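Student: Shown below is the structure under consideration.
The values are calculated or read from the model by the stated rules, or taken from the named source; none is laboratory data. Because the structure is predicted, anything quoted here is derived from the model rather than measured. Here Cβ is always computed from backbone atoms with ideal geometry, including for glycine, and neighbour counts include all displayed protein chains.
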Ligand code: F6R
């Protein structure tokens, strides 16, 4: 079975006859390949809960546990990929209630956590971290009249969002209560006990026979097995799976490479980017931005600074911010920004885009902008990284860790986050009617499904990849937001296939690059239905007349474009064309992937490239 799961955090739980700690640490180590920012464990022992948690890699936690005699046979463990609150000891999981007798770990995003935290504080609870998770520990405490399972059910009834949680109580040793909505949760029984985890890899040492807990189910694990019920308490069943293959194959969730897995994670990743940021009626909620609305209304110019793929996402954002807010936007490659003396002041908004949050060129651009008193807002995937720390506000993409060096899900979630930001600016500045904003937001929520459908183009892409894998040059062309899509398509192909590829604004082709066209040169045209569609068709005809092999990315069912191209790849239509790059990215990523595979390249670690570029 192929599993597409997206993990923000890794969770494990164990109840058995032997000490829980070695099982949990082994499980956490098996989850570590995804890279984490903090880790922690809780063991129920001698009528109390002992917690050790540390910011940093798992080895920091391991060091803290040296000499630690732990005999408790029931516990939970966590590796964190921060989404709310920076990566420090206090925000590391497990979190406890006020009494310290309930401990919880969580993977996912609680959407109504601000409201829950306010209410809990009013009721006298003392919250010690900035996380969304801690609120659930206190909710369970306030619902604790009967047993732990009943309190967990009542607490979860008040929670919206995505979660897989595991909870222990000092008063009920020998029991871990876990529950799931959206985020993955798996249970397995071995010779020495029962384990749960967010990822099958963590359970491999005890069993290959596992059960996926389904949405809105609760599972109680004990030394002799587990019991699944619904959130309401009725008996239920999960979905049994047998995990095959070696550890590396399991880490890749059944995909051949991390890059492919991450391409397929995009529906879930984009959904997580949007989660909790829009209200019914289309209002954008940006509590996390820390920019005051008066300052936002005074902004008179926007700069977007970024590198590589993030720059291409930023170029889409330029079109969106200008169209929706009517603010002038300049986009600049971060490594060039500070060397050309850009004109900035306190009414300038600089939007830095960096999935890693560590790219030195982007960081230096931000520092330069700060010196000129501009307001800095960062879109990043890495909580607590350097660029967000030096910014006035930050919007996290929540794409989960990306292991493939070539950016895929971080590209589409960057655009999603930037477009949400653009709509928020428009909302604060009153440049869009509420109804218009609501329509766009509604369509944004359809994006995960549109991406899922776009992924169905893989067989068509594979056939085309076989054809172009032996070519010398490949050109990508597009207009309007099809232009950044073309740039990104070319970059992806270059990075992992090592073919020479260039992206051009389709109208610019005749000003020089058209000289490159000769018989059979592949030209990938972004030709989905939009206000410049006819123009792109004309550009296709220009290259076709000179012998190009035209592959057009078109809107589903478009027979007109198909008449002019040699082959077509269909993608679903977005009514708002500014959202189209999020969908058209999919066939371009798959094309780069398939060409690289035909050429026998290592797609996850292409030569000469690093995931985070921290040298100028
Ligand atoms: C391309 C790629 C790079 C990065 C660039 C910026 O696949 O990954 O072009 O986009 O190095 O990285 P971040 O977003 O971390 O600043």
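Student: Pick from 374, 399, 369: which is in the same structural domain as residue 347 (by TED's automatic domain parsing) and over 17 Å from residue 290 (Cβ atoms)?
Tutor: Every option except 399 fails the conditions.
Student: Report yes if residue 255 is at pLDDT 95 or above and under 26 Å from residue 382 (Cβ atoms), otherwise no.
Tutor: Values: at pLDDT 95 or above: no; under 26 Å from residue 382 (Cβ atoms): yes.
For residue 255, the condition - at pLDDT 95 or above and under 26 Å from residue 382 (Cβ atoms) - is not met.
Student: Identify the single condition in (1) buried (at least 22 other Cβ atoms within 10 Å of the Cβ); (2) more than 16 Å from the ligand (Cβ to nearest atom) that residue 263 does not satisfy, given that it satisfies every other one.
Tutor: (2)
Student: Still on this structure: Of all residues in segment 315-336, count the ones that are more than 20 Å from residue 389 (Cα to Cα) and either within 16 Å of the ligand (Cβ to nearest atom) or in a helix (DSSP H, G or I) (or both). Spell out how you get there, then give the answer.
Tutor: To start, the set of residues in segment 315-336 that are more than 20 Å from residue 389 (Cα to Cα) comprises 315-333, 336.
Now restrict to residues that are either within 16 Å of the ligand (Cβ to nearest atom) or in a helix (DSSP H, G or I) (or both): 315-325, 331-333, 336.
Qualifying residue count, segment 315-336: 15.
Student: With (1) over 30 Å from residue 481 (Cα atoms); (2) assigned to a strand (DSSP E or B); (3) in contact with a helix residue (DSSP H, G or I) (Cβ under 7 Å, 6 or more places away or on another chain) as the list, and residue 305 as the residue in question, which single condition is left unmet?
Tutor: Evaluating residue 305 over (1) over 30 Å from residue 481 (Cα atoms); (2) assigned to a strand (DSSP E or B); (3) in contact with a helix residue (DSSP H, G or I) (Cβ under 7 Å, 6 or more places away or on another chain) leaves (1) as the failure.
Student: Does residue 197 meet the test of being without any contact (Cβ under 8 Å) to a residue 40 or more places away in the chain and in contact with a helix residue (DSSP H, G or I) (Cβ under 7 Å, 6 or more places away or on another chain)?
Tutor: Working: without any contact (Cβ under 8 Å) to a residue 40 or more places away in the chain: no; in contact with a helix residue (DSSP H, G or I) (Cβ under 7 Å, 6 or more places away or on another chain): yes.
When the stated conditions are applied, residue 197 does not pass them.
Student: I've got another one for you. Scan segment 444-452 and tell me whether some residue there is closer than 23 Å to residue 326 by Cβ and within 14 Å of the ligand (Cβ to nearest atom). Talk me through it step by step, then tell me what you get.
Tutor: Here is the first cut: in segment 444-452, the residues closer than 23 Å to residue 326 by Cβ are 444.
Still in the list and also within 14 Å of the ligand (Cβ to nearest atom): none.
No, segment 444-452 contains no residue that is closer than 23 Å to residue 326 by Cβ and within 14 Å of the ligand (Cβ to nearest atom).
Student: I've got another one for you. Can you report the number of residues in segment 352-395 which are touching a residue at least 40 places away in the same chain (Cβ under 8 Å), touching a strand residue (DSSP E or B) at 6+ places or on another chain (Cβ under 7 Å) and away from the ligand (no atom under 13 Å from the Cβ)?
Tutor: Result for segment 352-395: 9.
Student: For the structure I just gave you, tell me whether residue 497 is within 16 Å of the ligand (Cβ to nearest atom), touching a residue at least 60 places away in the same chain (Cβ under 8 Å) and under 24 Å from the mean Cα position of the chain (by Cα). Step through it out loud before you land on a result.
Tutor: Details: within 16 Å of the ligand (Cβ to nearest atom): yes; touching a residue at least 60 places away in the same chain (Cβ under 8 Å): yes; under 24 Å from the mean Cα position of the chain (by Cα): no.
In short, no.
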